[in-house]
Amino acid sequence: MRRFDDAPKRATTRCLTAKVLDAARELGINLSQTVDELLAAEVERRYWQRWNEDNREAIEAYNARIERDGLPLARYRSFAQGK
């Protein structure tokens, strides 16, 4: 996943609902910061959603192998045996 925190800013023009925009300004909301944070969160959510879809077959195969064969080195996991 790419990091966005040190990326340069770029001007953009978008249309927003007038009433929401007016209310946000009245409340002193920093529109650029708020939109940037929300968009970054949505980009991250969709990135991982796509990653999971793209890798579903490998994940399912791995899970089936663990179910069938158990975890590698499981016999060395004394903390999991209730000691």
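The values are calculated or read from the model by the stated rules, or taken from the named source; none is laboratory data. Quick caveat: nothing in here was measured; it's all calculated off a predicted structure. Note that each Cβ is placed from the backbone with ideal geometry, even for glycine, and that neighbours are counted across all protein chains shown. Surface areas here come from the heavy atoms of the whole protein model, side chains and all, with no ligands, DNA or RNA. Shrake-Rupley method; radii C 1.70, N 1.55, O 1.52, S 1.80 Å.
What is the number of the single condition among (1) within 30 Å of Arg3 (Cβ to Cβ); (2) among the aromatic types (Phe, Trp, Tyr); (3) open to solvent by 100 Å² or more (accessible area, probe 1.4 Å) that Tyr76 does not meet?
(1)
Evaluate segment 38-56: report whether one residue or more is of a type outside the set (Lys, Arg), surrounded by 10 or more Cβ atoms within 10 Å (Cβ to Cβ) and farther than 30 Å from Asp5 by Cβ.
Checking segment 38-56: not a single residue is of a type outside the set (Lys, Arg), surrounded by 10 or more Cβ atoms within 10 Å (Cβ to Cβ) and farther than 30 Å from Asp5 by Cβ.
What do you reckon, is Glu57 on the phi < 0 side of the Ramachandran plot and at pLDDT 95 or above? Break it down into steps so the answer makes sense when it comes.
Numbers: on the phi < 0 side of the Ramachandran plot: yes; at pLDDT 95 or above: yes.
Considered against the rule, which asks whether it is on the phi < 0 side of the Ramachandran plot and at pLDDT 95 or above, Glu57 comes out as yes.
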